[in-house]
Amino acid sequence: MIQIENLYKTFQHENTSTTVLNNINLHIQQGECIILKGVSGSGKTTLLSMMAGLDKPSSGKILIEGEPISKLPDLFASQLRAKKIGMIFQHFNLFDHLSVRENVMIPLIPSGLNINEINQKVTQSLNLANISHKKEALASHLSGGEKQRTAIARALVANPNIILCDEPTANLDRTNSLLFIEILKELHNLGKTIVVATHDPLFDNVSFSNTIIPMQEGTIVEGTVVNE
Amino acid sequence: MLNNAFFHFLTLQLFKERSKHIGIIIISVLILFLLSSVLFISSSLRHSLNETLQVQPDFVISKVQGGENRATPLTWSNELLNIYGITHVSPRVYGRYFFKSKAKSFLIVGVDFLDEQAHKNLQKLIENIDIKTFLTQNSMLVGEGVKEYLAHNFYDKSYNFLTPKGEFKTVKIFQTLPTKTNLIGNDMMIMPMDLAREILGYGEDEVTDIGFNVPNPDEWTMINDKVSALHYDVRVVNKKEVQQSYEHLYNYKGGVFLMLFLILLSTFMLILYQRYSMVHSNERRHIGLLRALGWSIHDVLKLKLLETLSIVFISFILGVVTAYIYVFIFSAPLLKELFLGGQNLTSTIKFTPVLDFSVLSSIFFIYALPFISAVLIPVWRVAITDPKEAML
Amino acid sequence: MNEILFSNPVIVYLLSELILFVLLLIAFIISIRVLIHWDFESFSPLQFKLEQQAYLVTTITLFVFSMKFLLLLYFAFTVDSLASLIAGAMCSAGVIDANEYGSPLLALKLLILFGLTLWIWVNFYDLRTKNYQWFKEKSWIFMVMFIFITIELLLDFTYFTHIDTHQPVSCCSALFGQLEGANPLPFGLNISTLLILFYLLFALVILTLLTHQSLLYIVANILFLYIAYFAVVYFFGTYIYELPTHKCPFCMLQKEYHYVGYLLWISLFLGSYIGINSAITALWLKEENQASIKIVMSLLSFFVLLCSTYVAVYYFKNGVLL
């Protein structure tokens, strides 16, 4: 569950201040799939990174499963991020010099699990994302679709409740984008909370999504579109 | 906390980014090599000297005149024997003999081969020598350096000494001293005491000086005073003073080197600081990504510090091992001159391998501590990389 | 220039202390800034920056602590190596006593290690709270320690520059040996009462430790530390040296005794430090830690066992006690 209350974010730049997020209030229930829709600069990526605790708000509250992620000491925020949140980035963000398996392993390393437990979870996750046939390949040698699936496997490896995706299809062709949406559907069926920030029209008619939230200039535009 | 997976990732990172570290490792190894070599040599020399001093008498007295040592009357040794607490009184005859051109000299040491005390001191030197044949004719034992020098001047079997009285004295070269004694024995000639007297020009009841022991260290001061009071023209030197002056000498040489080394070290620290501060945008993105994936600042710090520690450790091992090989197996060509410069005869000194905890810990503190200190702040700066970087 | 300053270990030691001090100075300056502006509830970018800088202070302090611990051992070794340079000195005892700065310096070093251990303890609990609850306490301990470490650095340099190599110093037998009639033991104890007290206090320490009687434990452990020092110097030490008249806390650090002194003093002091600090934090911060009890128990038991073993082995070999 994600609760956002009175969230503001302003950047001070010399004497001008820019408001990126302006009084955001949002409640996302467990198992919901939310699509934040808007052009670039609408603040959706900033909102997403605040949910993951990657960026700090100027004021307001973000609660991830009841924990104020933006106000926790780094150690706790990181633990929360590692256990509860899986991130999928626009540019896949893989370590090019590492293999698929090693990339997927990364979120588990600080957890204190031993290597056998980690390998077990990695294998599971690779199967789930349908990339286990490439597990020893270097990330730099993968195609766009394979990179995306590696990124998904990495987001799932710690078995998080929440999946946050930032423009997940921006670097994919249509076939792979549709494939990605299929995988999201599977995750939705597994009961994961999913938030996608995107401007891709492919997401407009996603059958499983409960809510599409249009964003504009840092605010949520009235008249939220609800599927169903 | 340091589970397998963490080390797995650490070694993976180190290996995959080895080209990034290789420069630092090379500089480190060079610095460590220089530092360790010097410290190895100085500790080895000190060790050998201490061993040599161990068998020396506790006190040595000699007659002085005008501040210079003169031939000491043998009768003094009887006076010493009368002082309670003194043992092992041993008159000694030695001195330098200058070779023709006067450019080179040998140290002639006269030994009373029948005296058990003297025997014990020389045991190492004359282990495999048949004393009976040695004593039946004028013979001597010579150090490697002497042997080589004489052979070079066509004296293979014996040498003709010129005594102060102008007579020639032919002495047979009986055997060379063991190589391990080269530090002190290189330019030494050991011969029976009477023969030495004759060559050095001492009278029959004269010696160079007289050594004696005082087993109870608490009595040293008292004995020192008593012996000094025996004659007006006596000089008393105790072993501790000799040891101290040697220690000071080697400390001085090592110390001057270390102080010069500090300049090198500060340059090194500066380079390290700069090198570790120079963070590639790609690397910042990597760290940001790690943070975005749930690594805390603490985890990244741990990774980066362990990475540094591994580099320190690898360089440490490589530097110390190469220095060890250089000093103790190849006898430290070039650097040796720094410590033994002004040698009389070309010497083939083998350093006794001494690898004690003290030298290693000194090397650790003067290398690893500045290294880690220099990179601590840059590493922290990397570790607090904003996880937002991953989103860019 | 003083010839002591050319001694390699002294150069290395002073350099190390100096570098660590520079690091601490940086941490100190940051600490002041952090303490002044610290407001955990604030959302200002400054507060987030301060939280990150606090990590630098933590990292530096942890590094300095571990190095200080190693450097104390190195200091003991350095001082020992000087014994051959100074007239009359047979071991560290004489060198420490070579001027009036030696003993305060050694005491200060032990105090600093204690303070730093306390800091580590508070830091440990602080990082486990979700609002940096003990941040101010931790920072104040750091400030005080910084002042102590500054004094220590000054003393370091004063001490080593004021050793006169020609002025004869006393050896340990003169410093620790019994003068006629004078009893060096505290509270008018004799050897047998000292030993009874030693073992009784050890039992009390373990008992209070296991029953979580923090306050009583602190008192017991401080007393035990004090008594253990005398017990080692005046009784157990003689068995290490196998000489009834040899009473010295330093000689056992030498190679002849297989460096057993390091093992002995480290287990005693480390055990006591961890134990006392864990008890202090239990009283002060109301935080308890089970793991530390085990560590303290094993370190102190090891110490007592090691001491006793020397006596037992001597008795076993020679059939008599000294």
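Give just the number: which of (1) within 7 Å of another protein chain (Cβ to nearest Cβ); (2) modelled with pLDDT of 80 or more does B:Gly254 not satisfy?
(2)
Could you list all residues from the range A:53-65 that are in contact with a Lys or Arg (Cβ under 6 Å, 6 or more places away or on another chain) and at the interface with another protein chain (Cβ under 7 Å from one of its Cβ atoms)?
A:Leu54, A:Asp55, A:Pro57, A:Ser58
Tell me which residues, restricted to the range B:352-363, are farther than 16 Å from C:Val10 by Cβ and either small (Gly, Ala, Ser) or in a helix (DSSP H, G or I) (or both).
B:Phe357, B:Leu360
Return the residue satisfying two criteria in turn: it lies in the range C:6-18 and is in a helix (DSSP H, G or I), facing another protein chain (nearest Cβ under 8 Å) and under 25 Å from the mean Cα position of the chain (by Cα), and of such residues it is surrounded by the fewest Cβ atoms within 10 Å (Cβ to Cβ).
Looking at the filtered set, the residue picked out is C:Leu15.
Identify, by number, the condition in (1) within 23 Å of B:His298 (Cβ to Cβ); (2) of a type in the set (S, T, N, Q); (3) without any contact (Cβ under 8 Å) to a residue 12 or more places away in the chain that C:Thr58 doesn't meet.
If we test C:Thr58 against (1) within 23 Å of B:His298 (Cβ to Cβ); (2) of a type in the set (S, T, N, Q); (3) without any contact (Cβ under 8 Å) to a residue 12 or more places away in the chain, just (3) comes out false.
Can you say whether A:Thr45 is surrounded by 13 or more Cβ atoms within 10 Å (Cβ to Cβ) and free of Cβ contacts under 8 Å to residues at least 60 places away in the same chain, as far as the supplied structure shows?
Considered against the rule, which asks whether it is surrounded by 13 or more Cβ atoms within 10 Å (Cβ to Cβ) and free of Cβ contacts under 8 Å to residues at least 60 places away in the same chain, A:Thr45 comes out as no.
List the pairs whose first member sits in the range C:290-314 and is touching a residue at least 40 places away in the same chain (Cβ under 8 Å), whose second member is of a type outside the set (A, V, I, L, M) and surrounded by fewer than 19 Cβ atoms within 10 Å (Cβ to Cβ), and whose Cβ atoms are under 8 Å apart, counting only residues at least 6 apart or on separate chains?
Pairs found: C:Val304/C:Tyr199; C:Tyr314/C:Glu242.
Please indicate, with yes or no, whether at least one residue in the range C:226-242 is more than 25 Å from C:Gln290 (Cα to Cα), among the charged types (D, E, K, R) and not assigned by TED's automatic domain parsing to the domain that holds C:Leu264.
no
Of the residues that sit in the range A:119-139 and are under 22 Å from the mean Cα position of the chain (by Cα) and within 12 Å of chain B (Cβ to nearest Cβ), which one is farthest from A:Phe95 (Cα to Cα)?
Within the range A:119-139, the match that is farthest from A:Phe95 (Cα to Cα) is A:Lys121.
Is at least one residue of the range C:171-186 in contact with a Gly (Cβ under 6 Å, 6 or more places away or on another chain) and within 17 Å of C:Ala93 (Cβ to Cβ)?
So far as the range C:171-186 goes, yes, one or more of its residues are in contact with a Gly (Cβ under 6 Å, 6 or more places away or on another chain) and within 17 Å of C:Ala93 (Cβ to Cβ).
Can we say A:Thr19 is farther than 18 Å from A:Asn161 by Cβ, more than 14 Å from chain B (Cβ to nearest Cβ) and not acidic (Asp, Glu)?
yes
Tally time: how many residues in the range A:66-98 are more than 19 Å from A:Leu156 (Cα to Cα), touching a residue at least 40 places away in the same chain (Cβ under 8 Å) and either surrounded by 19 or more Cβ atoms within 10 Å (Cβ to Cβ) or at the interface with chain B (Cβ under 7 Å from one of its Cβ atoms) (or both)?
Qualifying residue count, the range A:66-98: 1.
Would the range B:129-150 turn up any residue that is part of a loop (DSSP other than H, G, I, E, B), under 30 Å from the mean Cα position of the chain (by Cα), on the phi > 0 side of the Ramachandran plot and modelled with pLDDT under 75?
no
Can you name the residue in the range C:33-50 that is without any contact (Cβ under 8 Å) to a residue 40 or more places away in the chain and hydrophobic (A, V, I, L, M, F, W, C) and, of all such residues, is nearest to A:Pro57 (Cα to Cα)?
Applying the filter and picking the extreme gives C:Phe43.
Wholly within the range B:175-268, which helices (runs of 4 or more DSSP H) include no fewer than the required count, namely at least 2 residues that are surrounded by fewer than 17 Cβ atoms within 10 Å (Cβ to Cβ)?
Ranges flagged: B:220-228.
Pick out the one residue from A:Ile24, A:Ile35, A:Ile62 that is crowded, with 20+ Cβ neighbours inside 10 Å, at pLDDT 90 or above and closer than 15 Å to A:Ile220 by Cβ.
Selected residue: A:Ile62, the only one of A:Ile24, A:Ile35, A:Ile62 that is crowded, with 20+ Cβ neighbours inside 10 Å, at pLDDT 90 or above and closer than 15 Å to A:Ile220 by Cβ.
Of all the residues that make up the range C:19-46, how many are more than 8 Å from every other protein chain (Cβ to nearest Cβ) and crowded, with 17+ Cβ neighbours inside 10 Å?
Of the residues in that region, 7 qualify.
How many residues does the range C:99-140 hold that are assigned to a loop (DSSP other than H, G, I, E, B) and more than 14 Å from every other protein chain (Cβ to nearest Cβ)?
Adding up the residues that qualify gives 3.
So which pairs qualify, if the first residue must be in the range B:320-347 and modelled with pLDDT under 75, the second must be among the aliphatic types (A, V, I, L, M), the Cβ gap must be under 6 Å, and the two must be at least 6 apart or on different chains?
Matching pairs, first to second residue: B:Phe339/B:Ile41.
Answer yes or no as to whether A:Arg154 is under 24 Å from A:Lys44 (Cα atoms), within 11 Å of chain B (Cβ to nearest Cβ) and of a type outside the set (Gly, Ala, Ser).
yes
The values are calculated or read from the model by the stated rules, or taken from the named source; none is laboratory data. No experiment lies behind these values; they were computed from the predicted model shown. All Cβ positions, glycine included, derive from the backbone under ideal geometry; neighbour counts span all protein chains shown.
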